[in-house]
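Notes to accompany the following structure.
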Amino acid sequence: MKVGIISFAHMHAHSYATHLVNHPDTELAFIWDDDSKRGQEMANHFGCQYVSSLDEFLSSDIDAVVICSENAKHKEHVVKSAKAKKHILCEKPIATKIEDAKEMIRACEEEGVILQIAYPVRFAPGFQKAKELINSGALGEIVAINGTNHGKMPGGWFIEKDLSGGGAATDHIVHIMDIIRWVLNDEVKSVYAELDRRFYDIDVEDCGMVALELESGVIVSIDPSWSRPQTFPTWGDAIINFIGTKGNLQVDAFKQHSLYYNDDAKEISQLPFAEDMDEGLVRDFIASVKGGKAPSITGTDGLRTLEVVKAAYESSEKGQTVIVERQ
């Protein structure tokens, strides 16, 4: 199975490319990037071919594409890939606008290609075990959830609203929200959010608190802030506390690590030893394409989390609770 990567703008592209190269059933054949220098460097690094024309890239014999372009470019790249009959793994968030996400889903359905959204946290062993425990009734009825997805401020296009669609709320609400929907099979009823800039002089929010009520009545709070200092030993965290009538469960996606005190580099870093969630995501996508089956994480999953993000912005602007309208 031949795969191509569209853009290395997002930092996850390097990880996905590594797992594609190492997978026994795939060949990373081509890379396209509108930054030709970056694209050529990555092609050299991964031992494949850089193609300067997107049309030429999509007319090649690749079976699937992994899209890691800036958020605002996802729609163009997904629609073009779908029309070229390529199966698609698209970096989160699915898009920056609800209508764009819907158009992307429609295009893939019409062309009969897979659209999978990159929510690798589902493949963290801790969250897979949590889903199993909660669905078995071990925690009783879930009544409340507290989630944090903190991170360093990433800079670059992530803080350019025209390209990113927003700041920390756009970047980090979606991971926690996807896990909650996946574990509980529940949807968001209402959102109240306060978003702000407290850490950096940038044009998008770098912090916030989001309170949600699910359709089932479960109360949820999410902190998506870029509040980790640049000296923090890893990019951030993904932690969720599930509060049930029979017990509580805390899951830390990155708990399994060693601390590396590196005198040469004058830095401390975390070296994870858990199963790689990006590898799990890539393997799942490849299995879906090769098996001709629906992806485990769909375009609709991406749309649902984007709806929550947009409701959070609306709530913050209006200073009131917003009812989520699902499209």
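The values are calculated or read from the model by the stated rules, or taken from the named source; none is laboratory data. Quick caveat: nothing in here was measured; it's all calculated off a predicted structure. Every residue, glycine as well, gets a Cβ built from its backbone with ideal geometry; the counts of neighbours run over all protein chains shown. Accessible surface is based on the protein model in full, side chains and every heavy atom, while ligands, DNA and RNA are left aside. Shrake-Rupley method; radii C 1.70, N 1.55, O 1.52, S 1.80 Å.
When you scan segment 1-85 for strands (runs of 3 or more DSSP E) that lie fully inside it, which ones turn up with 2 or more residues that are buried (at least 21 other Cβ atoms within 10 Å of the Cβ) and not β-branched (Val, Ile, Thr)? Break it down into steps so the answer makes sense when it comes.
Numbers: elements: 2-6, 27-32, 64-67.
Qualifying strands (runs of 3 or more DSSP E): 27-32.
State whether the residues of segment 276-289 include one that is surrounded by 13 or more Cβ atoms within 10 Å (Cβ to Cβ), closer than 30 Å to ASP25 by Cβ, acidic (Asp, Glu) and modelled with pLDDT under 95.
So in segment 276-289, the residues surrounded by 13 or more Cβ atoms within 10 Å (Cβ to Cβ) come out as 276-289.
Subsequent filtering for residues that are closer than 30 Å to ASP25 by Cβ retains 276-289.
Right, trim to acidic (Asp, Glu) and you get 276, 278-279, 284.
Still in the list and also modelled with pLDDT under 95: 276.
The answer is yes; a qualifying residue exists.
Closer than 17 Å to ASP301 by Cβ and of a type outside the set (Asp, Glu): which single residue out of HIS77, HIS87 fits that description? Break it down into steps so the answer makes sense when it comes.
Numbers: HIS77 fails: closer than 17 Å to ASP301 by Cβ.
Selected residue: HIS87, the only one of HIS77, HIS87 that is closer than 17 Å to ASP301 by Cβ and of a type outside the set (Asp, Glu).
Is one or more of the residues making up segment 107-114 surrounded by fewer than 21 Cβ atoms within 10 Å (Cβ to Cβ), free of Cβ contacts under 8 Å to residues at least 60 places away in the same chain, part of a helix (DSSP H, G or I) and not acidic (Asp, Glu)?
Looking for residues that are surrounded by fewer than 21 Cβ atoms within 10 Å (Cβ to Cβ), free of Cβ contacts under 8 Å to residues at least 60 places away in the same chain, part of a helix (DSSP H, G or I) and not acidic (Asp, Glu), one finds at least one in segment 107-114, hence yes.
Which pairs do you get when a residue that is hydroxyl-bearing (Ser, Thr, Tyr), found in segment 206-221, comes within reach of a residue that is assigned to a loop (DSSP other than H, G, I, E, B), reach meaning Cβ atoms under 6 angstrom, with the pair 6+ apart or on two chains?
Filtered contacts from segment 206-221: SER216/ASP186.
Only one residue in ILE202, ILE219, ILE240 is buried (at least 16 other Cβ atoms within 10 Å of the Cβ), of a type outside the set (Gly, Ala, Ser) and touching a strand residue (DSSP E or B) at 6+ places or on another chain (Cβ under 7 Å), so which one is that? Walk me through how you get there before you give the answer.
Details: ILE202 fails: touching a strand residue (DSSP E or B) at 6+ places or on another chain (Cβ under 7 Å); ILE219 fails: buried (at least 16 other Cβ atoms within 10 Å of the Cβ).
Of the residues listed, the single one that is buried (at least 16 other Cβ atoms within 10 Å of the Cβ), of a type outside the set (Gly, Ala, Ser) and touching a strand residue (DSSP E or B) at 6+ places or on another chain (Cβ under 7 Å) is ILE240.
Can you list residue pairs whose Cβ atoms sit under 8 Å apart, with the first residue in segment 254-276 being closer than 12 Å to PRO125 by Cα and the second being of a type in the set (A, V, I, L, M, F, W, C) and surrounded by fewer than 13 Cβ atoms within 10 Å (Cβ to Cβ)? Count only pairs 6 or more apart in sequence or on different chains.
GLN256/PHE273
So if I check each of PRO229, PRO233, PRO224, which one is open to solvent by 20 Å² or more (accessible area, probe 1.4 Å), in contact with a strand residue (DSSP E or B) (Cβ under 9 Å, 6 or more places away or on another chain) and either of a type outside the set (Ser, Thr, Tyr) or touching a residue at least 40 places away in the same chain (Cβ under 8 Å) (or both)?
PRO233
Answer yes or no: is there a residue in segment 174-182 that is open to solvent by 60 Å² or more (accessible area, probe 1.4 Å), under 26 Å from SER269 (Cα atoms) and among the hydrophobic types (A, V, I, L, M, F, W, C).
Checking segment 174-182: not a single residue is open to solvent by 60 Å² or more (accessible area, probe 1.4 Å), under 26 Å from SER269 (Cα atoms) and among the hydrophobic types (A, V, I, L, M, F, W, C).
Does any residue of segment 91-98 turn out to be under 22 Å from ILE159 (Cα atoms) and open to solvent by 50 Å² or more (accessible area, probe 1.4 Å)? Show your work before the answer.
Here is the first cut: in segment 91-98, the ones under 22 Å from ILE159 (Cα atoms) are 91-98.
Next, only the ones that are open to solvent by 50 Å² or more (accessible area, probe 1.4 Å) stay: 97.
Within segment 91-98 (the criterion being under 22 Å from ILE159 (Cα atoms) and open to solvent by 50 Å² or more (accessible area, probe 1.4 Å)), the answer is yes, since at least one residue qualifies.
Which of the residues belonging to segment 133-143 are outside any loop (DSSP other than H, G, I, E, B), touching a residue at least 60 places away in the same chain (Cβ under 8 Å) and open to solvent by 30 Å² or more (accessible area, probe 1.4 Å)?
Filtering segment 133-143 for residues outside any loop (DSSP other than H, G, I, E, B) gives 133-136, 142-143.
Next, only the ones that are touching a residue at least 60 places away in the same chain (Cβ under 8 Å) stay: 133-134, 142-143.
LEU133, VAL143 - these are the residues of segment 133-143 that are outside any loop (DSSP other than H, G, I, E, B), touching a residue at least 60 places away in the same chain (Cβ under 8 Å) and open to solvent by 30 Å² or more (accessible area, probe 1.4 Å).
What about PHE30, is it more than 24 Å from GLU275 (Cα to Cα) and in contact (Cβ under 8 Å) with a residue 24 or more places away in the chain? Don't jump to the end; show me each part of the working.
Numbers: more than 24 Å from GLU275 (Cα to Cα): yes; in contact (Cβ under 8 Å) with a residue 24 or more places away in the chain: yes.
Criteria met by PHE30.
Exactly one condition in (1) open to solvent by 50 Å² or more (accessible area, probe 1.4 Å); (2) in contact with a Ser or Thr (Cβ under 7 Å, 6 or more places away or on another chain) is not met by PRO295; state its number.
Unmet condition: (1).
Find the residue count for segment 155-167, including only residues that are open to solvent by 50 Å² or more (accessible area, probe 1.4 Å) and either under 15 Å from the mean Cα position of the chain (by Cα) or modelled with pLDDT under 95 (or both).
The qualifying residues number 0.
Could you check segment 168-227 and list, in sequence order, the residues that are in a helix (DSSP H, G or I) and β-branched (Val, Ile, Thr)?
Quick first cut of segment 168-227, residues in a helix (DSSP H, G or I) only: 168-184.
Matches in segment 168-227: THR170, ILE173, VAL174, ILE176, ILE179, ILE180, VAL183.
Please list, ordered by first then second residue, the pairs with beta carbon atoms under 6 Å, 6 or more apart or interchain, first in segment 1-16 and in contact (Cβ under 8 Å) with a residue 40 or more places away in the chain and more than 17 Å from LYS73 (Cβ to Cβ), second part of a helix (DSSP H, G or I) and hydrophobic (A, V, I, L, M, F, W, C).
Sorted first by the residue in segment 1-16, then by its partner, the pairs are VAL3/LEU20.
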